[in-house]
Amino acid sequence: MASPPLDLARPRRRAGRRRGSLAGWKFVSPFMALFALVFLAPIGYSIYLSLYKTQLIGGTHFVGLQNYSDALKDSQFWTSFSRVALFLVIQVPIMLGLALFLALAIDSGRLYGAAFFRISVFMPYAVPAVVATLMWSFMYGTQFGLVRDIDKHFGVTLPDPLSPHLILASIGNIVTWEWVGYNMLILYSALRVVNPSLYEAAAIEGAGQWRIIWSIKLPALRPAIVIATIFSIIGSFQLFNEPSILKHLAPNAITTYYTPNYYAYSLSFDGQQFNYSATVAIIMGVVTMIIAYAVQLRGIRKAV
Amino acid sequence: MTITRRRGVLLGASALAVALAATACGSSSSGGGKSSSGSSQAASVSDADLQAALSAGGNLTVWAWEPTLKKVVADFQTKYPKVHVNLVNAGTGNDEYKALQNAVQAGKGVPDVAHIEYYALPQFELTKSVVNLDQFGAAALNGTFTPGPWNSVQADGGVYGLPMDSGPMALFYNQTVFTKFGITTPPATWDEYIADAKKIHAADPSVYITNDTGDAGFTTSMIWQAGGKPYSVSGTTVGVNFAGDAGTQKFATAWQQLIDGHDLSPVSAWSDAWYQGMAAGKIASLTIGAWMPSSLESGVKSGSGQWRVAPMPQWTAGGKVTSENGGSSLAVMKASTNQKLAYAFLKYATVDEGAQTRVDNGAFPATVKQLNSPDFLNKTDPYFGDQKINQVLAQSASEVAPGWSYLPFQVYANSIFNDTAGKAYIGGSSLADGLKAWQDASIKYGKDQGFTVK
């Protein structure tokens with residue numbers, strides 16, 4: 001152990017190891033710097049903010065977790081939360097179901113003009129959400145929009161898409177229109193990497209198209225569906241653009257606490273309640289994280 | 001493609017990051033009112049000092065949405081070539097206040113001069129975002145402006161803005177549409193107005209006397225005219241009482257009849273559909289501030305020759321009471337590094353040459369001189385069938401009911417109007433109950449913000 005060559009070798013080896021670990025940090029440092037700047041810093045700052053309260057009269061003081069206990073008792077917060085939860089359980093399955101159907105249709109190879117079809121379904125994704133919502137809002141108008149034109153032309157009275165009980169469905173329609181193509185592309189690309197020999201084997205065994213979909217394509221799609229579901233959950237909880245634009249047309253149907261994000265926005269931009277707004281954002285972030293993670297775990301367990 | 005545990009955590013974590021993005025803009029602040037307090041009250045600035053500042057020159061950033069200011073800025077720069085004014089439209093009304101509050105909180109990007117409506121000024125005064133103009137000798141301007149606007153820019157013994165325009169209310173109506181439905185004289189009382197509203201809508205269900213989807217500014221102005229005083233403010237003690245306010249109940253009872261009869265066009269003011277509705281003759285009138293003519297002329301071009309202006313309908317026959325709707329001031333921001341020059345611009349735009357320029361371009365004056373000038377009063381406009389509309393509007397300015405005040409957090413209160421009182425417009429509650437809910441929500445916010453609520 002104490003022999004001279006080893007003694008010489010040991011410090012050299014140690015130095016080498018240290019240099020190696022430093023080099024590793026250097027490689028990740030651009031990422032870490034960016035990660036700290038755009039990810040950790042805002043979260044840390046929001047958490048810091050959420051522990052204080054600033055009043056128009058009285059200034060800023062430390063309140064500990066009071067904002068959190070207030071938020072958990074805040075009926076407006078829970079109203080907004082249940083609204084996006086409802087949106088999630090209805091809109092996401094419809095959207096992903098459509099995306100799945102379209103992806104399978106394109107992948108089936110039996111579609112005429114598949115490339116054109118693919119790009120045209122994807123196109124709405126390229127339209128900014130703000131523009132898409134404005135466009136739809138013109139159609140939804142019962143006074144001067146497409147709905148009115150249809151009513152007038154056919155002598156019918158369509159239900160008002162901007163009325164309080166239909167507006168969530170109208171928003172769901174816009175979101176589905178925007179995101180079906182995107183999700184279809186995720187699923188379609190997952191289908192493209194399926195080994196063709198599986199299809200050949202299935203054909204030799206005499207399997208029909210439905211059997212191939214059920215036994216080969218759907219299992220191959222499972223991870224992609226999990227990913228698309230997680231993206232959609234995050235998207236639903238963050239619903240903001242669509243309600244904030246439609247509010248101009250339906251000011252009474254869309255409240256300032258219509259979705260959790262819109263609530264956080266109103267709190268800080270209208271009410272100057274930055275601290276409470278940060279609290280709402282953090283709670284929503286944690287809830288989203290938990291639900292996304294649960295879906296993730298479930299997706300993995302099923303795959304095994 | 002298997003997803004590892006670690007990636008799952010990251011995905012979840014990124015959800016958190018994006019959720020926080022919503023507040024990121026808002027939270028880049030909270031330095032907590034670190035505005036420079038370099039201005040002391042006592043120091044008085046003379047006119048000579050202002051002239052010196054003007055000839056020395058400098059850069060000014062002005063946030064305003066009022067269209068006639070463009071010409072004022074151009075003239076100002078011609079007269080004082082060393083001053084460069086950057087006129088920015090940072091949004092109209094509430095949108096601008098949001099941006100302004102954020103800039104003040106962040107401590108950067110604050111303009112030197114901001115366009116602030118009377119109802120919003122107390123909020124900026126309370127947060128010490130605007131400068132007391134007394135130090136520049138603004139108190140000497142007493143008598144220059146009409147009483148309503150001049151009262152609106154004062155608080156706690158200081159002057160926090162110079163009145164730019166005012167909005168005494170009047171009834172703007174499309175005479176062609178009224179005539180078509182057999183209404184030969186515009187309604188003089190609200191009872192007549194309601195009867196006309198029902199008459200028009202019954203004759204043609206696509207036509208309405210006016211639009212309303214619940215508008216805080218309109219509602220408070222109507223209550224103001226009806227003699228209501230739901231708000232009481234004294235320093236940091238505020239009172240909000242719609243439920244027990246006679247003026248409020250008078251308005252709510254009358255307006256409820258129009259809501260119940262679906263006699264109001266469900267189109268929001270300033271929306272695209274609003275302009276279309278007026279252009280198509282589907283929205284027949286507006287009870288609105290005296291600043292409306294220029295917006296009508298630019299927004300509803302096809303209505304030229306059809307519109308007229310009548311006095312605001314009254315709560316009692318033969319009455320002569322009006323209220324203000326909107327109207328705005330220019331204020332100097334505390335964060336401005338060149339307050340003297342900023343004030344010199346304010347004075348130019350609101351009192352000196354600028355006041356006349358703005359009136360010439362269609363603004364409604366807040367200055368006594370312009371309001372009483374024969375040129376102004378006798379001006380005719382083909383858009384209004386050569387009617388001398390300024391006589392009606394100036395008359396309204398002299399009949400504004402005294403004693404009204406807004407809350408020191410009116411900007412916020414107005415933002416939640418549709419959450420509460422707005423329910424009445426979609427059949428969720430009565431207007432009176434909705435206003436009570438608005439009262440409760442306003443009180444809750446006031447208490448939360450440290451006000452003493454009576």
remark   = Ranked on Cβ counts within 10 Å of their own Cβ, fewest leading, B:Leu171, A:Leu198, B:Leu341 go A:Leu198, B:Leu171, B:Leu341
ask   = For B:261-273, what's the mean count of beta carbons from other chains sitting within 10 Å of each residue's beta carbon?
value = 4
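Under the rule a/c < 1.5 gives rounded, and otherwise a/b versus b/c splits prolate from oblate, where does segment B:111-224 land using the Cα gyration tensor?
Working: a/c = 3.61, a/b = 2.73, b/c = 1.32.
Here segment B:111-224 falls in the prolate category.
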remark   = Partner shielding of A:235-245, taken as the mean number of other chain Cβ atoms within 10 Å, equals 1
query = Which order do peptides A:106-112, A:275-281, B:387-393 fall in by mean Cβ count within 10 Å, highest first?
reply = A:275-281, B:387-393, A:106-112
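Express in nm, to one decimal, how much length is gained between A:Phe116 and A:Asn195 on full extension, taking 0.36 nm for each residue of separation and deducting their alpha carbon distance. Walk me through the numbers before you get to the answer.
Numbers: separation 79, 0.36 × 79 = 28.44 nm, distance 2.47 nm.
Going from the current span to full extension adds 26.0 nm.
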remark   = Quick shape check on segment A:68-303: root eigenvalues a ≥ b ≥ c of the Cα gyration tensor, a/c under 1.5 is rounded, otherwise prolate if a/b tops b/c, else oblate, and it reads oblate
ask   = What distance in nm separates the simple spin-label points at A:Ser82 and B:His84, each placed 7 Å from Cα in the Cβ direction?
value = 5.8 nm
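Take the Cα radius of gyration of the protein assembly as shown and divide it by 2.2 N^0.38 Å, with N its residue count; two decimals is plenty.
Ratio of Rg to 2.2 N^0.38 Å for the protein assembly as shown: 1.13.
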ask   = Among bridges DSSP assigns within the protein assembly as shown, what percent are antiparallel (round to 5)?
value = 65 percent
task = Stick to Cα atoms and the Kirkwood definition of Rh, then tell me Rg/Rh for segment B:341-454.
result = 1.14
task = For A:Val38 and A:Glu205, compute 0.36 nm times the residue count separating them, minus their Cα-Cα distance, and round to one decimal in nm.
result = 54.8 nm
task = Pull up the DSSP beta bridges for chain B and report the antiparallel fraction as a percent, rounded to 5.
result = 65 percent
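Take every residue in peptide B:205-211, count the Cβ atoms of other chains within 10 Å of its Cβ, and give the average of those counts. Show your work: numbers first, answer last.
Working: counts 0, 3, 0, 1, 0, 0, 1.
Taking the mean over all residues of the peptide, I get 1.
Among rounded, prolate and oblate, which fits chain B when a ≥ b ≥ c are the square roots of the eigenvalues of its C-alpha gyration tensor, a/c under 1.5 means rounded, and a/b larger than b/c means prolate?
It is oblate, given that a/c is not under 1.5 and a/b is not larger than b/c.
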message = Taking θ = phi - 60°, what integer Hz values does the Karplus form 6.51 cos²θ - 1.76 cosθ + 1.60 yield along segment A:170-183, in sequence order, with x for Gly and Pro?
response = 5, 5, x, 4, 5, 5, 4, 4, 5, 10, 4, x, 4, 5
inquiry  = Only sites in a loop by DSSP and with at most 16 other Cβ atoms within 10 Å count here; which trypsin sites (Lys or Arg not before Pro) in segment A:141-217 make the cut?
reply    = none
request  = Could you tell me the distance between the Cα centroids of segment B:219-251 and segment A:166-198, to the nearest Å?
outcome  = 53 Å
message = Loop-only trypsin sites (Lys or Arg not before Pro) in segment B:58-111, please: DSSP not H, G, I, E or B, and at most 15 other Cβ atoms within 10 Å.
response = B:Lys82, B:Lys108
query = So between B:Ser302 and B:Ser206, what do we pick up on full extension, going 0.36 nm a residue minus the alpha carbon distance?
reply = 32.7 nm
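Using per-residue counts of other Cβ atoms within 10 Å, averaged over each peptide, order A:177-184, B:48-55 from highest down. Write out the running numbers ahead of the final one.
Numbers: A:177-184: 22.1, B:48-55: 15.1.
Most protected by this proxy first, the peptides run A:177-184, B:48-55.
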message = Just to confirm a number: summing +1 for Lys and Arg and -1 for Asp and Glu over residues other than B:Gly148 whose beta-carbon lies under 14 angstrom from that of B:Gly148, what do you get?
response = -4
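Here, each number is a calculation from the coordinates, and none is a lab measurement. In this text the structure is predicted, and so the values were computed from the model without any measurement. Neighbour counts are summed over all protein chains in view; Cβ atoms, including those assigned to glycine, are modelled from backbone coordinates with ideal geometry.
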